[in-house]
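Here the structure comes first, spelled out in structure tokens, and everything after it is commentary.
The numbers here are math on the coordinates, done by the rules we state, and not lab data. Everything quoted here is computed from the prediction, not taken from an experiment. Using ideal geometry, Cβ is built from the backbone for each residue, glycine included, and neighbour counts are taken over all protein chains shown.
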Amino acid sequence: MNAVKGIPSWLETYFEVVYAIASYLNVSGSAAYCIRQQKGIGGLYELAEDLADEFERLHAGRQWDGEFFEEIDRFLYERLK
């Protein structure tokens with residue numbers, strides 16, 4: 001985790017990830033649906049943490065200028081569709 005961004009940034013990212021995972025749970029064939037079927041809720045916990053960590057690593061040090069939601073939506077769509 002980026003020390004400059006810190007915990008608040010990661011928590012915001014994590015919230016958006018969990019919200020997206022929840023919206024894909026009933027979409028047959030989506031990553032969230034398949035992981036829940038294969039690994040159960042524990043697999044979803046791991047997925048959420050992994051995606052939040054990945055997004056934070058990809059954007060370490062970035063100063064957001066209003067495009068955070070568009071960027072994370074795009075990121076999550078690519079990984080959860």
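Considering only segment 62-81, state which residues are closer than 18 Å to Leu11 by Cβ, in contact (Cβ under 8 Å) with a residue 40 or more places away in the chain and in a loop (DSSP other than H, G, I, E, B).
Of everything in segment 62-81, nothing turns out to be closer than 18 Å to Leu11 by Cβ, in contact (Cβ under 8 Å) with a residue 40 or more places away in the chain and in a loop (DSSP other than H, G, I, E, B).
Scan Phe69, Phe55, Phe75 and give me the residue that is among the hydrophobic types (A, V, I, L, M, F, W, C) and surrounded by fewer than 12 Cβ atoms within 10 Å (Cβ to Cβ). Break it down into steps so the answer makes sense when it comes.
Values: Phe55 fails: surrounded by fewer than 12 Cβ atoms within 10 Å (Cβ to Cβ); Phe75 fails: surrounded by fewer than 12 Cβ atoms within 10 Å (Cβ to Cβ).
Within the list Phe69, Phe55, Phe75, the selection yields Phe69.
Has segment 24-36 got at least one residue that is closer than 14 Å to Leu80 by Cβ, β-branched (Val, Ile, Thr) and touching a Phe, Trp or Tyr at 6+ places or on another chain (Cβ under 7 Å)?
Pass one, segment 24-36, residues closer than 14 Å to Leu80 by Cβ: 24-36.
Filter once more, so that each one left must be β-branched (Val, Ile, Thr): 27, 35.
Still in the list and also touching a Phe, Trp or Tyr at 6+ places or on another chain (Cβ under 7 Å): 27.
Yes: segment 24-36 contains one or more residues that are closer than 14 Å to Leu80 by Cβ, β-branched (Val, Ile, Thr) and touching a Phe, Trp or Tyr at 6+ places or on another chain (Cβ under 7 Å).
Can we say Glu49 is surrounded by fewer than 17 Cβ atoms within 10 Å (Cβ to Cβ) and either among the polar types (S, T, N, Q) or closer than 11 Å to Arg79 by Cβ (or both)? Talk me through it step by step, then tell me what you get.
On the way: surrounded by fewer than 17 Cβ atoms within 10 Å (Cβ to Cβ): yes; either among the polar types (S, T, N, Q) or closer than 11 Å to Arg79 by Cβ (or both): no.
So Glu49 fails the test.
So how many residues does segment 31-71 have that are of a type in the set (Gly, Ala, Ser) and under 14 Å from the mean Cα position of the chain (by Cα)? Step through it out loud before you land on a result.
In the first step, residues of segment 31-71 are kept if they are of a type in the set (Gly, Ala, Ser); the result is 31-32, 40, 42-43, 48, 52, 60-61, 66.
Still in the list and also under 14 Å from the mean Cα position of the chain (by Cα): 31-32, 43, 48, 52.
Going through segment 31-71 one residue at a time, the tally reaches 5.
Does at least one position in segment 31-44 carry a residue that is small (Gly, Ala, Ser), at positive phi, without any contact (Cβ under 8 Å) to a residue 60 or more places away in the chain and not in a helix (DSSP H, G or I)? Outline the logic, then answer.
Applying the first criterion (small (Gly, Ala, Ser)) to segment 31-44 yields 31-32, 40, 42-43.
Then drop every residue that is not at positive phi, which leaves 40.
Now drop any that are not without any contact (Cβ under 8 Å) to a residue 60 or more places away in the chain, which leaves 40.
With not in a helix (DSSP H, G or I) added as a condition, the list becomes none.
Within segment 31-44, none of the residues are small (Gly, Ala, Ser), at positive phi, without any contact (Cβ under 8 Å) to a residue 60 or more places away in the chain and not in a helix (DSSP H, G or I).
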